[in-house]
Structures are given as C-alpha cells and as structure tokens.
Amino acid sequence: MSVPEHRTVFDPWKLGRTELANRVVMAPMTRNRADDDGVLPGYAATYYAQRAGAGLIVTEGTQPSAAGKGYPGTPGIHDDAQERAWAGVADAVHAAGGRIFCQLMHTGRIGHQSLIPADARVVGPSAIAAAVEVETADRVMVPAPVPVELDAEGIARIVDDFASAAARAVRAGLDGVELHAANGYLLHQFLSPGTNRRTDSWGGSPQGRARFAAEVTAAVADAIGADRVGIRISPGGQFNDMADKGNDDTYVALVDAIAPLRPAYLHTLRRRSSPLHEQLRRAWPTTYVLNTGFMGASELDDVAPLVADGHADLVSVGRLFVSNPDLVTRWRHDIPRAVWDEDTFFTAGERGYTDYPAHPGQSPDQRSSS
Ligand SMILES: Cc1cc2nc3c(=O)[nH]c(=O)nc-3n(C[C@H](O)[C@H](O)[C@H](O)COP(=O)(O)O)c2cc1C
C-alpha cells in the first residue's frame, strides 16, 4: 500500500497515557455472555485476550448501575463480583500485550422492568417510548416501555454512577472507559431532539441537550483522569428509533463543552462523509476514532485510507474481530479473513465466541507477531 509509513493503521499511537501498538481498535460489541448478576464468565478473559492484537479493545457495553441494564446477559461494573471478573479480563489482555477500555452503557428507555431492581424504573430524558421491541429477563420480545422522565436528582445519581463505575474499571486494571453516547442509549437520548423534549436546562437547545453527556464526561474525567476517558457518538444515527438528523449543532455543542477537558478520544460512527464529521475532527483536540459502521465495510481497504488521509487517528472495526481474533496480523500479512456467524453473536457459551481460531502458523502472542 502506497501510504506514508507514519500514517498506516499498523503504526503505534499514544492515546492519552496509553501506548497502542497499532491504530486498529476493536469496536465495542455486546455479546450477552454474563450471568443474571452481570458477572462475566471466566472465558470472557480468553475471548478478549485472543483479540489483544488490536491496538485497543473497547469492551461490550457495560452497565454502570443495576438500573442501567437494558439486555439480558450484559455485564455490569458496579459491584465487587463484576469488578473481579473484569480484573481477570484486564490481566489476560495485558498479559497478551493488549490494551482495553470498558464501554459504559446506560440503556435508558431501551430496557425493561424485569432487568432492573424492583425499586428502579426504566428512565429517559422524556416520557417517549421507542418504537422497538426490547428483550425481557426471560428473553421474550415485548414493546419498549414508556420511560419515566428523569428529574434533577435522578440525573445527578446517574452522573455519580458513571463516575463510580469508571473508578471501578480502573481499579480492576482496565486502561480506561468509553462513554456510550451513541446508538440510541441514554446519553444519545439526551442529545437528540426526538427523545429529549425537556424544557429545563437539560434540553431545549443544542447546549441543553449536550449538557447531560458533558456532565457525565466531566464527572468521569474527574474520577479517573480525562486521559483515560473516550466518548462514542453516532450523529444522525437511527438505530433504536432515533430521529437525530439535522441535530449537528448539538454535537458541535457537546464537543465545545468537553474539548477543554481533553478526553482521550472521540469515537464517531459515520455512515458516510459529511461536513459535520470534518468539523468535529478539526475541533477535537486529541485522538479521533472513526467507525464506518454497518453500512460501510470495515475491511483494510476501507479503513486504511481514513488513517492515511488524516480523517482519523484510529479506526475501529467490529464484526471482523468476532471471527478473526488475529485480525491485525491477517491484515498485515494479507491472510484471508474468516466470516462471522451472526447466529452466535448473542447466544450463551463459548461457541461463536472463543472458538474462532487464529490463523495457523501465527504466534499466540499476536501483538509481537503482528
Ligand atoms: C454483535 C454486535 C454488538 C454490538 N454492540 C455494541 C455495543 O455494545 N456498543 C456499541 O457502541 N456498539 C455496538 N455495536 C456496534 C459496533 O461497535 C460497530 O459500530 C458496528 O458493528 C459496525 O462496525 P463493523 O461494520 O466493523 O462491524 C455492536 C455491533 C455488533 C455486530
């Protein structure tokens, strides 16, 4: 590939205080293998360690509180048993030479009462249900509930929960956290005018809609250091019944609000190039990560130019990492990529999870061999 040596996806990068061996990020992917208490099984450490050849792994969405859970089988990081499981993951990934951030995901209105404590409620910025089905604790699909509109006290509690969860993540040995403000979950629900009809200071204007995500970012940065904090956004994204088109000003306001903190990175899902993305890239003071996301492919030929041409410092890749634990090695040596099996994305157990082999002949230490 005729790209300058200093701008290929295979070059190292300094992300906040974290040294990355290459510019390829494993994108966050929910895999639903945790038990009912939100504790990951021991083999999750194997799964993530197998993928340590990524410059950075971002974990599956992880609830910062019991009330923030929106799917059966997602892990938490708000109690000691969950923290111990994450410590096993962090140790295994580090032993394999990798780096790992935990994605903190409060699902907001995309949830169900059966998944959260009896005294908690499914919440959102406004009492507007998503026109989607959600999964109950018994794994039955039902219409999404009308969420309870959060009051100031509820908002403050969730901000604190994010900060406490981030502190746990770092205590468990994870290298940092990514705040999930994309794909129609709670932070995104606040950002978007279709889901946020508030007339108080958490709504009503781009700055108002950006306020909650900015408060969470500031609190988490305060708890663990801004250079350990990333944030993921999906401007214009429609997943989970979001109507986020024409909302560019809110993303600009969010970046204006949090850029002075100098978080470790901004991680943007983009369907196609747009003036907004170029604007955010220019305005963002630290590392910029792009995910071309679902519609676009995430093969090497698609993502390498994003780094080579300076559109992003890092690129994130999802599904190819499911079926190719040694993806970076395969890309580097042009080894064919295995195809993923969608049917086992969210099933229990190790099948479709830890049983995708590295390519024969590759060293198990994927970082040093890639
Ligand atoms: C099985 C699966 C689970 C996902 N879970 C999450 C998640 O927990 N958090 C998140 O931000 N994105 C999640 N995503 C989106 C991915 O991070 C990524 O944006 C998407 O797969 C597009 O990238 P790709 O084409 O390289 O797979 C998920 C995607 C898949 C396929």
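When the helices of the chain are scored as -39500 (n - 2.57) per DSSP H run of n ≥ 4 and the total is divided over every residue, the value at 222 nm lands at -9000 deg cm²/dmol.
Evaluate E = 1/(1 + (r/R0)^6) for Asp222 and Glu149, where r is the Cβ-Cβ distance and R0 equals 22 Å; express this FRET efficiency to the nearest 0.05. Given R0 = 22 Å and the Cβ-Cβ separation, E is 0.25.
Heavy-atom accessible surface of region 13-369, averaged per residue, reaches 37 Å², computed with a 1.4 Å probe. Here region 13-369 exposes an accessible surface that is 51 percent carbon and sulfur, computed with a 1.4 Å probe and the other protein chains kept in place. Residue separation of Thr8 and Ser273 scaled by 0.36 nm, minus their Cα-Cα distance, works out to 93.4 nm of gained length. Backbone phi angles across region 51-62, fed through the Karplus curve with coefficients 6.51, -1.76 and 1.60 (θ = phi - 60°), yield HN-Hα couplings of 9, 5, x, 5, x, 9, 9, 9, 6, 3, x, 10 Hz in residue order; Gly and Pro are listed as x. With all projection directions averaged, the alpha carbon convex hull of the chain covers 16.2 nm². Packing order of peptides 88-96, 223-231, 131-139, highest average first: 223-231, 88-96, 131-139 (average count of other Cβ atoms within 10 Å over each peptide's residues). Packing, as the average of other Cβ atoms within 10 Å across residues, places the peptides 270-276, 55-61 in the order 55-61, 270-276, highest first. Taking the C-alpha atoms only, the angle from helix 248-258 to the longest principal axis of the chain is near 80 degrees. When you filter the trypsin sites (Lys or Arg not before Pro) in region 1-83 for DSSP loop state and at most 11 other Cβ atoms inside 10 Å of their Cβ, you are left with Arg17. In this structure, the amide hydrogen of Gln63, modeled 1.01 Å from its nitrogen in the peptide plane, lies closer than 5 angstrom to those of Gly76, Ile77, Met105, counting only residues at least 5 positions away or on a different chain. So if the hydrodynamic radius of region 203-300 is defined as the Kirkwood radius over C-alpha pairs, what does Stokes-Einstein give as its diffusion coefficient at 4 °C and 1.567 mPa s, in µm² per second? The diffusion coefficient I find is 93 µm²/s.
When only Cα pairs below 8 angstrom with a gap of at least 6 residues are kept, the chain shows a relative contact order of 17 percent. Taking one quarter of the surface of the C-alpha convex hull of region 83-128 gives a mean projected area of 4.8 nm².
The values are calculated or read from the model by the stated rules, or taken from the named source; none is laboratory data. It should be emphasised that the depicted structure is a prediction, and the values quoted were computed from it without experimental measurement. Here Cβ is always computed from backbone atoms with ideal geometry, including for glycine, and neighbour counts include all displayed protein chains. For accessibility, only protein heavy atoms count, side chains too; no ligands or nucleic acids. Shrake-Rupley method; radii C 1.70, N 1.55, O 1.52, S 1.80 Å.
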